[in-house]
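The values are calculated or read from the model by the stated rules, or taken from the named source; none is laboratory data. Keep in mind it's a predicted model, so treat the numbers as computed, not measured. Counting neighbours? That spans all protein chains shown, and the Cβs are built from the backbone with ideal geometry, glycine included.
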Amino acid sequence: MGKMNCIYTIYIMKILQIEGKHEASWITISTDEYDSMKATIEVLSDPDLMRQIKESEIAIKEGRIRNLDEVIKKFKSKNKDIKF
C-alpha cells in the first residue's frame, strides 16, 4: 500500500469516527509515521530527556542560547584574520 493510500485510509477512518460510524479495529499508517510515533513515545517516556528539553526551553526563553549564525558572526568579528 502506497503512502497516499495510507494517508487516505487514516482520513476516511477519522471521518467515520467523527460521524460515529467507526467500526474498524485497525488503521493503516506508513512505516515512517509508525517509526516517528515510536520515537515520540520513547522521548516522552524518558524523564531525564524531558527534563533536559524543559531546561533547554527555559534557556531559550531567557536568551541564554545563541543560534549558529550569531556564533559565527561573533567569531568572525573577533578573528578577522581567519578566512573560512
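Please specify each residue of the stretch 33-42 satisfying the condition of being exposed (fewer than 11 other Cβ atoms within 10 Å of the Cβ) and in contact (Cβ under 8 Å) with a residue 12 or more places away in the chain.
Those that are exposed (fewer than 11 other Cβ atoms within 10 Å of the Cβ) and in contact (Cβ under 8 Å) with a residue 12 or more places away in the chain: none in the stretch 33-42.
If S45 passes every condition in (1) surrounded by 10 or more Cβ atoms within 10 Å (Cβ to Cβ); (2) at pLDDT 85 or above but one, which one does it miss?
Checking S45 against (1) surrounded by 10 or more Cβ atoms within 10 Å (Cβ to Cβ); (2) at pLDDT 85 or above, the one that fails is (1).
Go through the stretch 39-61 and report how many residues are assigned to a helix (DSSP H, G or I) and more than 12 Å from the chain's Cα centre (by Cα).
Residues meeting the conditions: 16.
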